[in-house]
Structure formats: structure tokens, C-alpha cells
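Below: one structure, written as C-alpha cells.
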Amino acid sequence: MAKPTDLLKEEHKAVLQRLADLEQIINDLDQKEKVSAKLKELGSFFDTEFWVHFDKEEKALFPEFDNFMPRGAGPIAVMLEEHVVLRKTNADFQQAVAKYLGNADTAETRRAIYQSGSHFIGTLRDHIFKEDNILFRMAEIHLNAGQMEKVTLLFADIDRAKQVKA
Ligand SMILES: [Fe+2]
């Protein structure tokens, strides 16, 4: 059975690719015709599918750390705080993107997309780096085979639940 940390790392790679695409787009907002379709697609990914990944971490992987690391402190607390920041930044980004794709393609809207988008990109890259290199390594050392298997099975449940909803 696949290790849950390997599954999350694979998802990180796909997310990093999308962040690279998004970085290009937010630098070309003055070319609305060129960027609109891609911005819409990326915006929709970061508004929906992307959060399934956070669910996997928050509902399946992180709880397995409870035996050896308090939730309120240490790396899990930092990761959860960053998830909150990313949710808030995404909300600001989505609002600006909706305006831009609607009829409010003003300099102010473009600035709002650029600011929230760059913040989201920078924070998420840094967050993924910490998960890949610190948190997931700790999981691989501290969680036993039964725990790893349980998390992988929960991931499949989370994926299935999302498909039913979609
Ligand atoms: Fe992650």
C-alpha cells in the first residue's frame, strides 16, 4: 500500500506546477484576453479541488501525531496556522478574480489579484517545503505501519466523499 506521505508529496508536485502557472498569469493581468481562461481554471482549482488535500492532512494525517506531539505546539500547530492563513488569502484572491473576470477589470482589482496571489504563492511554496522536508519525515519516523495504512485508507475515503459531492 502506498505511503500516505508519498501520496501527499505527489499532490504537492502537482500544486507547485499550478503555482508556477499562476505566477505567470498574475504578471500578465493587463492582457485580459490572453489570461482569462487560464486564470479561471486555476482559480477554480484553488477554490475547490485543492482543499481536498488540506482535508487529508487535517482529518487523516495530523491526528496520528497526537500520540507524540501536542496539537497546540510544534510543527503541527504551525502547519494548521498556515492553513488558516492560506484559506483567508485564497478567499481574498477568489473575490478579486471574480471581479476581474466580471466587469470590474480595474487597476485596483488587478492589484488585489497580484497581492493576494503572490502572498498565496509564496506562503504555499514555503508551507509545502516544510511539510515535505520536516513534517512528513517526522511522520515516516514516528508513525507505525498500522497508522500509515489507516491514513492511506482514510485518504481514499476523503477522495470518494468528494467525488460523490461533485
Ligand atoms: Fe500539504
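Contact map, segment 86-115: first residue of a type in the set (Ser, Thr, Tyr), second residue surrounded by fewer than 16 Cβ atoms within 10 Å (Cβ to Cβ), Cβ cut-off under 7 Å, separation 6 or more or different chains; pairs are 89/123. When 126, 92 are screened for being assigned to a helix (DSSP H, G or I) and within 22 Å of residue 8 (Cα to Cα), only 126 passes. Per the conditions (1) closer than 30 Å to residue 146 by Cβ; (2) modelled with pLDDT of 95 or more, the sole criterion not satisfied by residue 90 is (1). With respect to (1) hydrophobic (A, V, I, L, M, F, W, C); (2) surrounded by 14 or more Cβ atoms within 10 Å (Cβ to Cβ); (3) closer than 29 Å to residue 164 by Cβ, the lone exception for residue 85 is condition (3). Would you point out the residue of segment 95-123, among those that are outside any helix (DSSP H, G or I) and not charged (D, E, K, R), that is surrounded by the fewest Cβ atoms within 10 Å (Cβ to Cβ)? If we take residues in segment 95-123 being outside any helix (DSSP H, G or I) and not charged (D, E, K, R), then 103 is surrounded by the fewest Cβ atoms within 10 Å (Cβ to Cβ). The set of residues in segment 13-56 that are touching a His at 6+ places or on another chain (Cβ under 8 Å) and in contact (Cβ under 8 Å) with a residue 60 or more places away in the chain contains only 15.
Residue-by-condition table, conditions (1) surrounded by 16 or more Cβ atoms within 10 Å (Cβ to Cβ); (2) within 14 Å of the chain's Cα centre (by Cα):
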{"position": "5", "(1), (2)": "yes, no"}
{"position": "8", "(1), (2)": "yes, yes"}
{"position": "21", "(1), (2)": "no, no"}
{"position": "29", "(1), (2)": "yes, no"}
{"position": "44", "(1), (2)": "no, yes"}
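The values are calculated or read from the model by the stated rules, or taken from the named source; none is laboratory data. Here the structure is a predicted model, which means the values were calculated and not measured. Every residue, glycine among them, receives a Cβ derived from its backbone with ideal geometry; neighbour counts consider all protein chains shown.
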